[in-house]
1. Just to be sure before I move on: is ASP57 part of a loop (DSSP other than H, G, I, E, B) and free of Cβ contacts under 8 Å to residues at least 40 places away in the same chain in the structure I sent?
2. Looking at the stretch 153-182, which of its residues are in contact with a helix residue (DSSP H, G or I) (Cβ under 6 Å, 6 or more places away or on another chain), farther than 26 Å from TYR116 by Cα and in contact (Cβ under 8 Å) with a residue 12 or more places away in the chain?
3. So, of the residues in the stretch 73-103 that are within 13 Å of the ligand (Cβ to nearest atom) and outside any helix (DSSP H, G or I), which turns out to be nearest to GLY54 (Cα to Cα)?
4. Name the residue, out of SER79, SER59, that is hydroxyl-bearing (Ser, Thr, Tyr) and more than 30 Å from ARG107 (Cα to Cα).
5. For residues that are surrounded by fewer than 24 Cβ atoms within 10 Å (Cβ to Cβ) and either part of a loop (DSSP other than H, G, I, E, B) or near the ligand (Cβ under 9 Å from one of its atoms) (or both), tally how many sit in the stretch 138-160.
6. Identify all residues within the stretch 1-45 that are surrounded by fewer than 18 Cβ atoms within 10 Å (Cβ to Cβ) and among the polar types (S, T, N, Q); write none if there are none.
7. Of the residues VAL20, VAL61, VAL48, which is farther than 25 Å from ALA121 by Cα, away from the ligand (no atom under 12 Å from the Cβ) and β-branched (Val, Ile, Thr)?
8. Name the single residue, out of those in the stretch 161-205 being among the polar types (S, T, N, Q) and either on the phi > 0 side of the Ramachandran plot or within 13 Å of the ligand (Cβ to nearest atom) (or both), that is farthest from the chain's Cα centre (by Cα).
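The values are calculated or read from the model by the stated rules, or taken from the named source; none is laboratory data. These numbers come from a predicted model, not from an experiment. With ideal geometry, Cβ positions are generated from the backbone for all residues, glycine too; neighbour counts draw on all protein chains shown.
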Amino acid sequence: MDIRIFNTFEEASRFAADRVCERILAKPNLVLGLATGETPLQLYRELVERFGRGDVDFSKVTTFNLDEYLGLPPDHPQSYRYFMDRNLISHINIPRERTHVLDGMTRDAEKTCREYEAAIAEAGGIDIQILGIGGSGHIAFNEPGSTFDSRTRVVDLSEDTIRANSDGRFFKDPAEVPRQALSMGLGTIMEAKEILLLASGKRKANAIRTSLEGLPTPDVPASILQRHRAAHLFIDGAAAFRLTQTTSDHR
Ligand code: F6R
């Protein structure tokens with residue numbers, strides 16, 4: 001894995017934005033996998049800025065988001081569809097019909113998940129997948145214990161994730177957080193041709209260490225990325241501080 005440690009998270013996000021823009025330049029109809037949460041916000045701001053400067057054209061790009069809360073309508077301020085619209089989609093020239101987020105209000109979750117996988121395949125697969133990482137090492141909503149071959153499905157959120165998402169940054173109270181979500185599986189994510197995982201801050205340091213050091217295990221879902229041919233980690237010093245010398249030599 002390519003691990004790059006930056007002095008600030010802003011630099012890491014800028015580096016990731018450069019990578020995404022380079023890829024769009026090389027392939028205007030790029031298929032981009034998107035994440036939500038706090039981690040990719042600076043990256044999205046960078047992309048919007050670059051679009052504003054005329055440096056990048058999203059008109060032929062297609063996007064697929066990793067996950068969505070089950071039971072939240074698209075106009076709910078905490079839904080991931082709303083998040084994407086507010087932080088990226090409404091600020092760039094991507095046709096809305098090419099932006100895909102799992103339908104949190106579906107009445108047939110299995111069918112929705114099956115159709116999502118089919119739509120990804122039909123688009124030619126994901127070229128670059130953006131990822132954040134949870135404190136437990138989760139990626140998308142693949143909590144510890146998720147199998148490495150898991151596909152898009154309904155998942156139960158762990159108490160840890162519910163707590164992390166109700167610390168005031170997103171939901172204010174754990175009771176408001178949906179208990180289930182629709183999420184791409186680890187198998188789905190691993191099929192992306194390239195993966196960019198971003199992480200910032202001390203609260204991610206343990207997850208970063210356990211994901212990179214030791215053998216891949218479903219107990220730490222992100223550890224599967226060790227098996228990916230083109231997985232890149234762009235992290236700041238705080239997220240890297242628990243890495244042993246051997247791992248951080250990649251710097
Ligand atoms: C979001 C997602 C999650 C987050 C993770 C980190 O679409 O799939 O796995 O990436 O929970 O969240 P933040 O970035 O808020 O720390």
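1. Numbers: part of a loop (DSSP other than H, G, I, E, B): yes; free of Cβ contacts under 8 Å to residues at least 40 places away in the same chain: yes.
Spelling it out, ASP57 is indeed part of a loop (DSSP other than H, G, I, E, B) and free of Cβ contacts under 8 Å to residues at least 40 places away in the same chain.
2. Listed by number, the list holds a single entry, PRO174.
3. Looking at residues that are within 13 Å of the ligand (Cβ to nearest atom) and outside any helix (DSSP H, G or I), I get LEU88.
4. From the options SER79, SER59, the qualifying one is SER59.
5. Residues flagged as surrounded by fewer than 24 Cβ atoms within 10 Å (Cβ to Cβ) and either part of a loop (DSSP other than H, G, I, E, B) or near the ligand (Cβ under 9 Å from one of its atoms) (or both) within the stretch 138-160 amount to 11.
6. Residues satisfying the conditions are ASN7, THR8, ASN29.
7. VAL48
8. SER166
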